[in-house]
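Asks: Before I ask anything, let me first share the structure, which is written out below as structure tokens.
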Amino acid sequence: MTTAKAPQPDETLDNYIRRLRNGMKLSQQQVATAAGIHLQSLGKLERGKTNRLNQKTKKGLAVALSIPEEYLDAVCSGLPVEEVHKKQFCPACWIPGTPPDPAWTLPRAKHCLFCGRQLSDDCHNCHAPIASFAHKFCPNCGTAYADKGGGLAG
Ligand SMILES: [Zn+2]
Ligand SMILES: [Zn+2]
């Protein structure tokens with residue numbers, strides 16, 4: 001079963017990390033060292049004290065636990081793994097900075113089911129792929145990703 005390492009649908013970050021770590025028979029110290037993070041930080045994560053991973057922690061944990069970073073994204077965002085792979089949104093309906101409607105990120109979705117507009121997965125100005133749904137503007141050129149909230153109303 002290669003999928004055993006993927007997060008379960010309702011798994012929380014703390015359970016997920018603990019499950020993988022126990023599955024690999026590693027101590028907290030071993031994982032923290034391999035991930036390049038503090039033992040306390042890992043302890044906090046495993047106690048469910050935080051559900052946020054910065055880039056460095058995410059990268060480190062992905063390496064230490066031998067999983068793709070997308071798995072950690074999926075757990076943190078509460079979305080199934082298949083859905084985080086496709087970063088698509090409707091430029092008309094998406095409210096920047098919020099998670100996308102799950103219907104847009106389905107691998108086969110091409111058009112918005114609310115307004116029929118073609119879904120987008122990149123910046124319409126420079127075509128850099130969208131890096132994160134937490135971003136409202138393209139980090140590459142500063143263009144607003146969506147029609148809403150971009151200061152372009154009216
Ligand atoms: Zn739409
Ligand atoms: Zn751009």
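Asks: So how many residues does the range 100-112 have that are at pLDDT below 90 and within 15 Å of ligand 1 (Cβ to nearest atom)?
Replies: So the answer is 9.
Asks: Can you work out which of the residues in the range 85-99 that are away from ligand 1 (no atom under 12 Å from the Cβ) and over 15 Å from K136 (Cβ atoms) is farthest from the chain's Cα centre (by Cα)?
Replies: For the range 85-99, the residue satisfying everything is K86.
Asks: What is the residue count in the range 1-34 for residues that are in a loop (DSSP other than H, G, I, E, B) and more than 14 Å from V75 (Cβ to Cβ)?
Replies: 5
Asks: Tell me the residue from Q40, Q29, Q55 that is without any contact (Cβ under 8 Å) to a residue 24 or more places away in the chain and within 19 Å of the chain's Cα centre (by Cα), please.
Replies: Q55
Asks: Further question on the same structure: For Q28, indicate whether it is surrounded by 14 or more Cβ atoms within 10 Å (Cβ to Cβ) and of a type in the set (S, T, N, Q).
Replies: Yes: the conditions hold for Q28.
Asks: All but one of (1) touching a Leu at 6+ places or on another chain (Cβ under 6 Å); (2) under 18 Å from K5 (Cα atoms); (3) surrounded by fewer than 15 Cβ atoms within 10 Å (Cβ to Cβ) hold for V75; state the number of the condition that does not hold.
Replies: (3)
Asks: Kindly provide the set of residues from the range 102-133 that are open to solvent by 30 Å² or more (accessible area, probe 1.4 Å), within 16 Å of ligand 2 (Cβ to nearest atom) and assigned to a strand (DSSP E or B), ordered by number.
Replies: D122, P129
The values are calculated or read from the model by the stated rules, or taken from the named source; none is laboratory data. Since the structure is predicted, the reported quantities are computational estimates derived from the model, not experimental observations. Don't worry about glycine lacking a Cβ; one is built from the backbone with ideal geometry, like all the others, and counts go over all protein chains shown. Just the protein is used for accessible areas: all its heavy atoms, side chains included, with ligands, DNA and RNA removed. Shrake-Rupley method; radii C 1.70, N 1.55, O 1.52, S 1.80 Å.
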